[in-house]
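Asker: Encoded as structure tokens, here's the structure I'll be asking about.
Throughout, read-outs are computed from the coordinates displayed, never taken from laboratory work. Note that this is a predicted model, so its numbers are computed, not measured. Here the Cβ positions follow ideal geometry from the backbone for every residue, glycine too, while neighbour counts run over all protein chains shown.
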Amino acid sequence: MPLNLSNSQALGRTYAAARMMAGLDQGALAAQAGLSAGTISNVERGRDSRPETLKSIRVALNREGVLIAFSRNNGLATVAISFATDDSEEE
């Protein structure tokens with residue numbers, strides 16, 4: 001069952017999840033993206049979705065190994081992490 005969120009709220013939660021997966025707080029992400037912590041907070045609450053702001057955040061997250069992908073066809077967002085695998089670990 002889908003959540004009852006506006007598109008901007010869903011977008012904000014996607015960016016918040018990506019930030020948390022990167023292990024960053026809002027201040028650290030802001031510093032890496034060249035933005036203020038208040039701007040990061042506004043994005044995560046669905047109050048700021050300017051393309052240049054979102055791109056700065058995506059670039060900063062990508063440097064941390066976190067990718068955000070959106071599908072315009074089905075309205076889904078995917079947050080993925082990239083990490084080095086340890087061959088000695090069993091899957």
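Asker: Run the numbers for ALA80 and SER41: contour at 0.36 nm per residue of separation, minus the present Cα-Cα distance, in nm.
Answerer: Between ALA80 and SER41, full extension yields an extra 11.9 nm.
Asker: Next question. Short version: ³J(HN,Hα) in whole Hz for each residue of the stretch 52-57, in order, from phi by Karplus 6.51 cos²θ - 1.76 cosθ + 1.60 (θ = phi - 60°), x for Gly and Pro, what are they?
Answerer: Rounded to whole hertz, the list is 5, 5, 5, 5, 4, 5.
Asker: Please list, short to long, the whole-number percent of alpha-carbon pairs of the stretch 1-81 in consecutive 5 angstrom bins beginning at zero.
Answerer: 3, 16, 29, 28, 15, 6, 2, 0
Asker: Moving on to the next point. Mind putting a number on the dipole of the stretch 35-83 about its Cα centre? Charges go on the C-beta only, +1 for Lys and Arg and -1 for Asp and Glu, and I need it in Debye to the nearest 20.
Answerer: The dipole magnitude comes to about 120 debye.
Asker: Pop out the ³J(HN,Hα) list for the stretch 40-48 in order, Karplus 6.51 cos²θ - 1.76 cosθ + 1.60 with θ = phi - 60°, rounded to Hz; leave Gly and Pro as x.
Answerer: 4, 4, 4, 4, 5, 9, x, 9, 8
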